[in-house]
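Everything below concerns the one structure shown next.
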Amino acid sequence: MTGIYPAAVEVSGGNLVLVIVVALIALGALAMAAMFRQEVLAAGEGTDNMKNIAQAVQEGANAYLQRQFRTLAIFAAVAFFLLLALPADDATVRIFRSVFFLVGAGFSATVGYLGMSLAVRANLRVASAAQTEGRNPAMNIGFRTGATVGMLTVGLGLLGASLVVILFQDHAPHVLEGFGFGAALLAMFMRVGGGIFTKAADVGADLVGKVEQNIPEDDPRNAATIADNVGDNVGDCAGMAADLFESYAVTLVAALILGSQAFGDKGLVFPLLIPAIGALTAVAGVYLCRPRTGENGLVTINRAFYISAAIGAVASVILAFVYLPGDFADFANGTVQSDADPRIVASVAVLIGIALASIILSLTGYFTGTDHRPVKDVGKTSLTGAATVILSGLAVGFESAVYTTLVIGAAVFGAFLIGAGSIPVALFAVALAGCGLLTTVGVIVAMDTFGPVSDNAQGIAEMSGDVDEAGAQILTELDAVGNTTKAITKGIAIATAVLAASALFGSYTNALAEALDEIRVTEEPGRLSMLSLQFDASYPNVLVGMLLGAAVVFLFSGLAINAVGRAAGAVVFEVRRQFRDIPGIMEGTGRPEYGRVVDIVTKDSLRELATPGLLAILAPIAVGFGLGVGPLAGFLAGAIATGTLMAVFLANSGGAWDNAKKLVEDGNHGGKGSEAHAATVIGDTVGDPFKDTAGPAINPLLKVMNLVSLLIVGAIVKLSFGEDANTPLRIVIAVVAFAGIVAAVYVSKRRSTVIGEDDAPGRSAPPPPPPPVQAAPPSDPAPTQQFEAPQH
């Protein structure tokens, strides 16, 4: 790709020392992750029955991720060679851009896998601690598990970016494009695949177990319970950890790309120093997260977040005034003219990012927390049936999307305004706001992982029957806290995605301008003026691009939700079959075939993840090569705007339904087993793919499409104008990409909507649903049986 950065940018002397210090801080974060991991593993594992259940979850999660990584290796190999084919400044940049694509993908996979592998070992330790030691030790184990993943995210993100800056100097932004693309691409596939797995199992388990059989959520008589617990880890742990890592990596990439242009060599260093501060404050936040007697767990976690964010804010402002000069004329590149004080620009931008994280935390907590009116109102509608539950949840999602988008938009616009009229400075300020938000990522990841760990702990306790009423109440409380923290982290991940996408959009326009500069001397002025018209918003072609960008977000969401529906249907039929064909399940004398359900959702989720992934990669290629660089810019703008609203709507409506169900299960509006409970279960099953599959997957979708556009813009211009113009080849590329999208969607739609017709051999057509079994009241324990791990 053509160069868009000043060639004179070089990191040396004291700046080089600072980057090395950042790399050492990254290694220190990884060491802290190892220490937190040892603290978790040192805790007691509980009874033999708990160990057997946890072992089954571990085996299922490992089997799924191994098969997923084998599938994704094919995509990674193809992307590696396609990156090699794209133009670059020189052969070294071209080669190492592809090499660091693999590094970014590998780091993303590492964060996801290591986070999952610890979570499946921490869940029974949390359950055991709740039974034998009490609430505070159980909560500490869960949060330390999250802290491990948080430190991995911060450490690997900083390590990768700092190594690229040290090794490649002025070419670092080019190489980092590959690093960010690898992280984003793999995270998107893991988010989609893991999201389909977890919600297919969850929805199937709830519809048959809770609604039809009237048994508790994690009752061992339900064949889908192990798959549900596995899904929590491959979706909410592995998938979300990879998602937050790529948010971290891509935001750093955008900041370094724009920083090198606005601040020269210091622009390659300052964006690394801010998240390095965040790594240190995250450790402080972890140690500050100590629950007080009688205190709600969410209050404890929020306090740790706010204190660490405040420390990070103060330290970042001090750093800006110590490190940056007071005038843009003092920067090494000398290309930016602005009357603003760089120290104030950087300080305010970082503070905007930190404030944005804090506001999103409060706003999302309000719309999804059990203590606030929105969720209470959704819970009240359960008295009139499932339809009103769904309507009220949709209303919460729509309304919250507006407020959250306004806050994110205000942050982006505020950061842009402090650029004092200089476009490079304004765009860098937006990227620095993202870096400010990164200072909170260590604690944010810890909050996110806490959710599935506490959820799994409650499941293990219920399946084993080895936890008394007091311990079960502790785990119920922690699970409710975890539901809210998961919703909060989704909101902050969305904000990070928008800031990163906005900065990458600025990088795209800069790349286009530089590409045009290189052909201006040989091209006819008339043809270039026609190209410039592509960026005029008054022309329909840009509007068409915006509509296509918005349409891709809708299609992507629909494909992901439909995939969950098909896979969940397969689970429903299999669980019904087992209740019908295996004698003694309801009495506790027959053992369900847990492994069959795990195999079903593994196969279906891996089969379904390809179509949304291909859409994200091929859509910008089809638009860019087919319609031009102007419509491609409109495409990105439409996708960012629509994706922001859609992601918040899906995440918050799903979170509201989930916690409304928790309210009823806590004894409100009739409690478990009532008609109100059945209504909220339906709402929760609708919301599951909203909040845990489609919604979170939109974040990496936006960044993948922006990075693909950034990578191909030079090639589009080269084939459109200048001596190497080749319109037939450009159109062929667009047609092939469009055909790939059509083929992927067609294959997806060809899969039977009547689940069971095209499934594995030996599975018969689904029988009609059985009448509900009048089991023991849900408050009674399931019949005692010794759990045996399924064979995979």
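Quick note: the coordinates plus some simple rules give every number you see, no bench work behind them. All values reported here derive from a predicted model rather than from experimental measurement. As a convention, Cβ positions derive from the backbone with ideal geometry for all residues, glycine included, and neighbour counts pool all protein chains shown.
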Could you tell me the extents of the chain's C-alpha atoms along the three principal axes, largest first, rounded to whole Å?
83, 56, 43
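Taking the Cα centre of the chain as origin, work out the dipole magnitude from +1 charges on Lys and Arg Cβ and -1 charges on Asp and Glu Cβ, in debye rounded to 20.
440
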Calculate one ³J(HN,Hα) per residue across region 43-58 by plugging θ = phi - 60° into the Karplus curve 6.51 cos²θ - 1.76 cosθ + 1.60, and present them in order as whole Hz with x for glycine and proline.
6, x, 9, x, 7, 4, 5, 4, 5, 5, 5, 4, 5, 5, 5, 4
Can you work out the Karplus-derived ³J(HN,Hα) for every residue in region 589-596? Use 6.51 cos²θ - 1.76 cosθ + 1.60 with θ = phi - 60°, whole Hz, and x for glycine or proline.
9, x, 9, x, 8, 4, x, 5
What relative contact order, as a whole-number percentage, does region 399-514 give when Cα pairs under 8 Å and 6 or more residues apart are counted?
31
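What list do you get for Ile617, Ile444, Ile301 if you sort them by fewest beta carbons within 10 Å?
Taking fewest neighbouring Cβ atoms as first place, the list is Ile617, Ile301, Ile444.
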Against the longest principal axis of the chain, how steep is helix 540-581, in degrees 0 to 90 to the nearest 10, with axes from Cα atoms?
20
Can you list residues whose amide H is under 5 Å from Glu133's amide H, if they're 5+ apart or on another chain and H is modeled 1.01 Å from N?
none
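Give the relative contact order (percent, whole number) for the chain; include only Cα pairs under 8 Å separated by 6+ residues.
After rounding, I find 21 percent.
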Straight-line reach from Lys376: which lysines have Cα under 29 Å away, leaving out those fewer than 8 places along the same chain?
Lys199, Lys210, Lys486, Lys490, Lys661, Lys662, Lys672, Lys691
Calculate how steeply helix 13-41 sits against the longest principal axis of the alpha-carbon atoms of the chain, using the helix alpha-carbon long axis, and give the answer as 0 to 90 degrees to the nearest 10.
0
May I ask you to list the lysines whose Cα is less than 23 Å away from that of Lys266, ignoring any residue fewer than eight positions away on the same chain?
none
For region 229-241, what does the Karplus curve 6.51 cos²θ - 1.76 cosθ + 1.60, with θ = phi - 60°, yield as ³J(HN,Hα) per residue in whole Hz, taken in order and with x for Gly and Pro?
5, 4, x, 4, 7, 6, x, 7, 8, 5, x, 6, 4
